[in-house]
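**Q** The structure is given below, and queries will be raised subsequently.
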Amino acid sequence: MISRGERLANYAMLALFAVIAVFPVLLILQTALSNDGIVSEGRASSLHFENFADAWDQGHFGSYLRTSVVVAILVVGLSTLFSVLAGYAFGTMRFRGSEVLFYVILLGIMVPAEALVIALYFDMRELGLTNTLVAIVMPQVAQSTAFGTFWMRAYFRGSSREVVEAARIDGAGHWTTLWRILVPMGRPALTTMIVLVFMWTWNEFLIPLIMATDESLRTAPLGLAFFQGQYTSGTALLAAGATLVALPVIVLYLFLQRHFIRGMVEGAVK
Amino acid sequence: MAAPLAPAGRRAPDSLRTHRSAVVRGGRPGEPRRVAYLYILPALLVFGLFVLVPLVRTAQFSLYEWNGLGASTWAGLSNYRDLFTEPQLRGAFVHALVLVVFYAVIPVLLGLLLAAAMSRAVLRGMGFFRVVLFLPQVIPMVVVAIAWRQIYEPNGPLNDTLRFVGLDSLARPWLGDYTWALPSVGIVGTWVGTGLCLVLFLAGMSRIPRELYEAARLDGAGALREFRAITLPSLRGELAVALTLTVIAALKTFDLVYVMTSGGPGTETTVPSYQVYNNAFLLGRVGIATALAVVLTLVVFVATVLINRVGERGQR
């Protein structure tokens, strides 16, 4: 149907855009492995993996990454739990006010963090809650729960009535039906949601920037931004830090790319 | 509409018992259930405390003049007036519009062009290209900003390349240049968005029946007519998704500006989000900052609704 020349041209175009897409990533990786004479004292090997160790210790990226892991676990865990519960109710039960409440939550997905963080910061400062994990985690739990409720509701709505019916005949209550049947069956939908929420949380910048000033509470992107302010760009240590910060999301993406792409394409308005 | 539940006390004791057991054990799906409120309680609580309350408080703050520490004074709508009269604040919105061109318009056009060029191809290895092209979407923006700062360095890859091909006169400190700083930030947005658009459109194209194109060709339709009559209408849904994601990303730009330019040189690259942060925490103008946040939220709402209206109308 299509000529060889045309096919080749198509591949050439795709390849060109692929190269442009990975170039900045490779540039950082190459810089991270280079010897720029700032940190390493003339060690022999041509690939300087010790830059990562230096970034981890001297650059405090070990501590930033730990904070990010804790924040990500809390946000993903709490928002997943809340989203499954709420999505189940909105998707399978009829109750007064369900429509109104759902639309309120839907609107919440569109609210940018900018419209929340200033008021949150000053109100939480009043309560002595700024500079705590709560201040970093809870606003993100709320935003992710809004999205997750929307996402899980769609799954529960589409879930098989027959299966639920059969479970009920076997004497399962709504609680058992949810956890024993619908949640295990909904693994793909759940995975997509978890992957998206993890990515958003890991990459979030504005909320931790405003809510926490303690260095011990700096998440990885925040630590990187401050680190960048102290060094000129192009240094191996900065690039090594950037690599460490990006690595968890990229690795997860390489394994679960279908979930990333499907999630962003199907329902992500964030 | 959900059928209202009769107050339990008015029921005969035996019917109360069956009713209650139905609630606890679960009746048919879609039956009125009070237990639903328990299920949505945690979500509503956290949503109310950390989204609804702050949102209302933001709107409230925007009507006062306050430096974040002392007493506040009622300001009415004067903060909103300042958004339109202060050149620096108005400038932030102008910059955001420029970024919409770079983040959304260019990637969508590029994506359409490429998708159209490939409309007739069945290519192997698409899975690989999809993964690579989509990659910029998942990398933390701070990392993206650091990579691109390095590219734009006075002695970075971009200037090196320009000098190498003999275009020395074009080489410049891109992010420090009054004319070029904003487009330079915008190009990063183009880089982030183009892959997304391309992946979306290629997926959409693969769903268009090939017979349509064959029929059009039999009727003697050229490439341009083919694109306008078949490709474009079939991609309405994908267009809506692509525009929603990229336009919102442009309007909410923050990390990129914070790390790459801090709004500079001068105020050439300030954006609404950056001015929200700047006014609230560096300039001590909480009222202005919150008014800006309210307007930004409204702009995001209107943009989302408009884009999806257009997308839906096309699908019917």
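**Q** Count, please, the residues in the stretch A:117-141 that happen to be without any contact (Cβ under 8 Å) to a residue 24 or more places away in the chain and crowded, with 21+ Cβ neighbours inside 10 Å.
**A** Qualifying residue count, the stretch A:117-141: 2.
**Q** Go through the residues of the stretch B:39-60 one by one and say whether even a single one is touching a residue at least 24 places away in the same chain (Cβ under 8 Å), more than 11 Å from chain A (Cβ to nearest Cβ) and closer than 22 Å to A:ASP123 by Cα.
**A** Scanning the stretch B:39-60, I find no residue that is touching a residue at least 24 places away in the same chain (Cβ under 8 Å), more than 11 Å from chain A (Cβ to nearest Cβ) and closer than 22 Å to A:ASP123 by Cα, so the answer is no.
**Q** Please give the number of the condition B:THR246 fails out of (1) buried (at least 24 other Cβ atoms within 10 Å of the Cβ); (2) of a type in the set (Ser, Thr, Tyr); (3) at the interface with chain A (Cβ under 8 Å from one of its Cβ atoms).
**A** (3)
**Q** Take residues that are among the small types (Gly, Ala, Ser) and modelled with pLDDT under 95 and tell me which of the helices (runs of 4 or more DSSP H) falling wholly in the stretch A:103-216 contain 2 or more.
**A** Where helices (runs of 4 or more DSSP H) fall fully within the stretch A:103-216 and carry at least 2 residues being among the small types (Gly, Ala, Ser) and modelled with pLDDT under 95, they are A:133-158, A:161-169.
**Q** What pairs come out if I take residues in the stretch B:182-206 that are at pLDDT below 90 and surrounded by fewer than 22 Cβ atoms within 10 Å (Cβ to Cβ) and pair them with residues that are outside any helix (DSSP H, G or I) and not polar (S, T, N, Q) whose C-beta lies under 6 Å away, six or more apart or interchain?
**A** Here the result reads B:GLY204/B:LEU235, each pair linking the stretch B:182-206 to a residue that is outside any helix (DSSP H, G or I) and not polar (S, T, N, Q).
**Q** Further question: Suppose we filter B:LEU232, B:LEU256, B:LEU306 for residues that are surrounded by 22 or more Cβ atoms within 10 Å (Cβ to Cβ) and among the hydrophobic types (A, V, I, L, M, F, W, C); which single one remains?
**A** Among B:LEU232, B:LEU256, B:LEU306, only B:LEU256 is surrounded by 22 or more Cβ atoms within 10 Å (Cβ to Cβ) and among the hydrophobic types (A, V, I, L, M, F, W, C).
**Q** Determine whether B:ASP219 is within 11 Å of another protein chain (Cβ to nearest Cβ) and either more than 18 Å from B:GLY311 (Cβ to Cβ) or out of contact with any strand residue (DSSP E or B) (no Cβ under 9 Å at 6 or more places or on another chain) (or both).
**A** It is false that B:ASP219 is within 11 Å of another protein chain (Cβ to nearest Cβ) and either more than 18 Å from B:GLY311 (Cβ to Cβ) or out of contact with any strand residue (DSSP E or B) (no Cβ under 9 Å at 6 or more places or on another chain) (or both).
**Q** While we're looking at this one, here's another question. Identify all residues within the stretch B:93-152 that are part of a helix (DSSP H, G or I), without any contact (Cβ under 8 Å) to a residue 40 or more places away in the chain and of a type in the set (Gly, Ala, Ser); write none if there are none.
**A** Scanning the stretch B:93-152 gives B:ALA117, B:GLY127, B:ALA147.
**Q** Write out, first by first residue and then by second, each pair whose Cβ atoms fall under 7 Å of each other, whose residues are 6+ apart or on separate chains, and whose first residue, in the stretch A:68-91, is more than 7 Å from every other protein chain (Cβ to nearest Cβ) while the second is at pLDDT 95 or above and not in a helix (DSSP H, G or I).
**A** A:SER68/A:THR219; A:VAL71/A:THR219
**Q** Right, next: Filter the stretch A:219-242 for residues that are crowded, with 24+ Cβ neighbours inside 10 Å and closer than 10 Å to A:PHE61 by Cβ; which is farthest from the other protein chains (Cβ to nearest Cβ)?
**A** It comes out as A:ALA240.
**Q** Still on this structure, I have one more. Take the residues in the stretch B:268-283 that are in contact (Cβ under 8 Å) with a residue 60 or more places away in the chain and farther than 16 Å from A:LEU120 by Cα, then tell me which one is farthest from the other protein chains (Cβ to nearest Cβ).
**A** B:GLU268
The values are calculated or read from the model by the stated rules, or taken from the named source; none is laboratory data. All of these numbers come straight from a predicted model, not from anything done at the bench. Heads up, the Cβs are rebuilt from the backbone with ideal geometry, glycines too, and the neighbour counts pull from every protein chain shown.
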